[in-house]
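Q: One structure, pasted below without further comment.
The values are calculated or read from the model by the stated rules, or taken from the named source; none is laboratory data. Since the structure is predicted, the reported quantities are computational estimates derived from the model, not experimental observations. With ideal geometry, Cβ positions are generated from the backbone for all residues, glycine too; neighbour counts draw on all protein chains shown. Just so you know, the surface numbers come from the protein's heavy atoms only, side chains and all, with ligands and any DNA or RNA stripped out. Shrake-Rupley method; radii C 1.70, N 1.55, O 1.52, S 1.80 Å.
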2 protein chains.
Amino acid sequence: MKKILYIEDEPYLARIVKDTLTLKGYQVLHKKDGSALLDAINSFAPDICLLDVMLPEVDGFTLARHIRNINAGIPIIFLTAKTQTEDLVKGFSAGGTDYLKKPFSMEELIVRIDNQLKIMGKDAGALQTLPDEVALKQFRFYPGRFELHAPAGVIKLSNRESQILAMLCAHLNTPVDRRELLKTVWGDDSFFNSRNLDVYIRKLRGYFTGAEGIEIVTLKGQGYHFVVA
Amino acid sequence: MKKILYIEDEPYLARIVKDTLTLKGYQVLHKKDGSALLDAINSFAPDICLLDVMLPEVDGFTLARHIRNINAGIPIIFLTAKTQTEDLVKGFSAGGTDYLKKPFSMEELIVRIDNQLKIMGKDAGALQTLPDEVALKQFRFYPGRFELHAPAGVIKLSNRESQILAMLCAHLNTPVDRRELLKTVWGDDSFFNSRNLDVYIRKLRGYFTGAEGIEIVTLKGQGYHFVVA
DNA sequence: ATTGATTAACGTTATTTAACGTTTTATGGT
DNA sequence: ACCATAAAACGTTAAATAACGTTAATCAAT
């Protein structure tokens with residue numbers, strides 16, 4: 001059964017969409033806004049995301065970017081009344097894979113959901129996704145369970161530790177912008193001058209000490225680069 | 001340049017679409033119907049197909065199936081006045097990857113074309129790919145690990161050192177423009193008057209001192225030439 | 001009370017800047 | 001052509017800066 005993460009602030013519409021999709025056999029998790037989004041992604045592990053664009057606090061485009069940061073492969077459909085081409089561009093460049101204009105028919109939504117699941121499900125090779133279990137040489141990371149299985153034993157990760165490690169894993173062997181990390185994990189980059197992130201990087205490094213071929217490399221002025229080779 | 005195969009029987013619309021896309025830098029092959037379709041696919045080798053649905057002889061859905069039979073990965077966008085959900089379903093189950101209702105704006109078409117190209121992984125990434133290991137005589141450079149393995153031992157490279165060495169390796173035994181180096185590593189060439197790059201070149205030269213047959217040659221006014229012979 | 005998250009204070013290092021030296025290339029008069 | 005001189009470009013070194021690392025203390029939420 002396919003799992004759908006659905007973010008929409010308008011209660012009446014949300015109700016209709018959720019009920020219809022549920023009736024059609026999807027498992028739907030509905031949220032009114034993007035708070036605790038990363039937790040939802042990791043624990044609920046949706047197959048596809050439906051995002052309203054105009055939301056009270058953080059808009060849907062921004063949410064899409066955060067989702068992309070920890071999962072490069074998941075389909076994201078925007079549902080919005082914004083019909084300007086400019087918004088369409090924003091949507092796709094934020095990592096969206098389809099864009100549906102309100103008002104839409106439930107039939108069309110379902111068809112487009114199925115289509116996205118079909119085409120994104122194909123060559124997962126080019127599009128890296130963050131699965132339930134991430135193999136990191138002799139380690140295993142379970143993002144949804146907040147657990148890092150080391151040779152020595154199981155390390156229970158905190159929320160933040162897990163989020164940051166998930167982000168590093170999503171960008172395995174490629175750079176991650178420090179700002180992106182801060183924005184994705186903390187919601188904004190007002191912590192840019194804070195040493196908070198460094199503290200967590202240190203903790204994560206601690207878990208991997210002595211592990212040959214696993215390293216979190218600092219790219220000064222840019223971010224981090226999780227090397228597993 | 002991306003190649004588009006466009007099948008549309010209505011001459012006026014076809015003209016507008018073809019001209020606009022050509023102006024936008026795509027290479028467009030327009031056909032009035034699906035005859036000799038497979039030849040067109042094979043010889044023209046398009047990156048994406050735009051198919052009208054209602055065509056005189058064979059309809060677009062059928063054409064899509066034929067295309068899918070010989071190419072599982074190419075994106076197919078339907079352009080049609082048929083707005084019934086049923087047609088949408090037909091389109092996607094025929095192997096279509098997007099479905100655009102007439103009348104559509106050229107802007108939206110372009111955005112959706114680019115999006116499909118991106119999703120299907122045909123997007124020309126500007127990432128220069130070096131192999132995991134670059135052999136430089138008695139040295140070995142691991143760009144992904146920020147490591148230079150010298151006879152004396154492993155040298156841990158900094159971000160900048162690694163970037164510059166990677167760039168030199170990408171142009172091994174051929175010249176590299178100084179400006180290009182600056183732009184690639186620092187994002188722009190505003191450092192053109194700075195001695196910053198020279199400092200790093202010196203560091204790299206330091207790692208290779210005494211190594212017979214390895215040299216970073218200065219091409220004054222042009223750039224550098226990484227000689228390994 | 002215990003755990004996780006954040007802040008603060010100070011240590012460390014990659015990167016940049018600055019100052020000056022060296023080498024190559026261009027220029028100009030004879 | 002010749003040489004002198006200037007100009008441009010790069011080399012070298014050390015100091016300054018900005019960015020990150022580390023540790024412990026504090027805060028906040030069960």
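Q: Just to confirm the numbers: A:Ile16, label point 7 angstrom along the Cα-Cβ line, distances to the other copies in nm, shortest first?
A: 3.1
Q: Still on this model: Dipole size in debye (nearest 20) for chain A around its Cα centre, Lys and Arg Cβ +1, Asp and Glu Cβ -1?
A: Numbers: 29 positive and 28 negative charges, 91 e Å.
I would put it at about 440 debye.
Q: Here is a follow-up. Checking the a/c ratio against 1.5 first, then a/b against b/c, what shape does the Cα gyration tensor give for chain B? Walk me through the numbers before you get to the answer.
A: Working: a/c = 3.49, a/b = 2.82, b/c = 1.24.
Prolate shape, in that a/c is at least 1.5 and a/b is the bigger ratio.
Q: With the label 7 angstrom out along Cα to Cβ, how close does A:Gln27 come to the same site in each of the other copies, in nm, nearest first?
A: 4.8
Q: Sticking with this structure for a sec: If the label for B:Thr85 sits 7 angstrom from Cα along the Cα-to-Cβ line, what are its distances to the same label in every other copy, in nm to one decimal, shortest first?
A: 3.0
Q: Based on Cβ point charges of +1 for Lys and Arg and -1 for Asp and Glu, what charge dipole magnitude is obtained for region B:134-228 about its Cα centre, in debye rounded to the nearest 20? Show your work: numbers first, answer last.
A: Working: 13 positive and 9 negative charges, 36 e Å.
Here region B:134-228 has a charge dipole of around 180 debye.
Q: Which one, A:Val199, A:Met106, A:Leu38, projects farthest toward the positive side of the charge dipole computed for chain A from Cβ point charges (K/R +1, D/E -1)?
A: A:Val199
Q: Compute, for the protein assembly as shown, the length of the dipole vector about the Cα centre, with Cβ point charges of +1 (Lys, Arg) and -1 (Asp, Glu) only. Units Debye, rounded to 20. All intermediate terms of the calculation are to be shown ahead of the outcome.
A: Working: 58 positive and 56 negative charges, 241 e Å.
Here the size comes out at about 1160 debye.
Q: Using alpha-carbon pairs under 8 Å, 6+ residues apart, how would you state the relative contact order of chain B in percent?
A: Working: 314 pairs, mean separation 26.9, N = 229.
Once divided by the residue count of chain B, the mean separation gives 12 percent.
Q: For chain A, with every protein chain kept in place, what is the accessible area per residue (1.4 Å probe, Å²)? Show your work: numbers first, answer last.
A: Numbers: 10310 Å² over 229 residues.
The answer is 45 Å² per residue.
Q: Give me a comma-separated list of calculated 3J(HN,Hα) values for region B:112-119, in order, Karplus coefficients 6.51, -1.76, 1.60 applied at θ = phi - 60°, integers in Hz, x for any Gly or Pro.
A: Once rounded to whole Hz, the list reads 6, 4, 4, 4, 5, 4, 5, 4.
Q: Here's another thing I want to ask about it. Take every DSSP beta bridge whose two residues both sit in chain A, then give the antiparallel share in percent to the nearest 5. Don't jump to the answer; show the numbers that get you there.
A: On the way: 19 of 36 bridges.
Counting only bridges with both partners in chain A, antiparallel ones make up about 55 percent.
Q: Still on this structure, I have one more. If I compute solvent accessible area with a 1.4 Å probe over the protein chains, what percent of it on the protein assembly as shown is carbon and sulfur?
A: Here carbon and sulfur together make up 52 percent of the probe-accessible area.
Q: List the trypsin sites (Lys or Arg not before Pro) within region B:162-215 that DSSP assigns to loop and that have no more than 11 neighbouring Cβ atoms inside 10 Å.
A: Values: sites: B:Arg178, B:Arg179, B:Lys183, B:Arg195, B:Arg202, B:Lys203, B:Arg205; in loops: B:Arg195.
Sparse-neighbourhood loop trypsin sites (Lys or Arg not before Pro): B:Arg195.
Q: Given the pairs A:Lys2/A:Lys82; B:Lys18/B:Lys101; A:Lys156/A:Lys220; A:Lys32/B:Lys101; A:Lys102/B:Lys3; A:Lys156/A:Lys203, which are separated by over 20 angstrom at their Cα positions? Before the final figure, lay out the partial values.
A: Values: A:Lys2/A:Lys82 27 Å; B:Lys18/B:Lys101 17 Å; A:Lys156/A:Lys220 29 Å; A:Lys32/B:Lys101 30 Å; A:Lys102/B:Lys3 32 Å; A:Lys156/A:Lys203 12 Å.
Exceeds cut-off: A:Lys2/A:Lys82; A:Lys156/A:Lys220; A:Lys32/B:Lys101; A:Lys102/B:Lys3.
Q: Total Å² of accessible surface buried at the B-A contact, 1.4 Å probe, nearest 100?
A: Numbers: alone 12630 and 11460 Å², together 21780 Å².
The summed interface area works out to 2300 Å².
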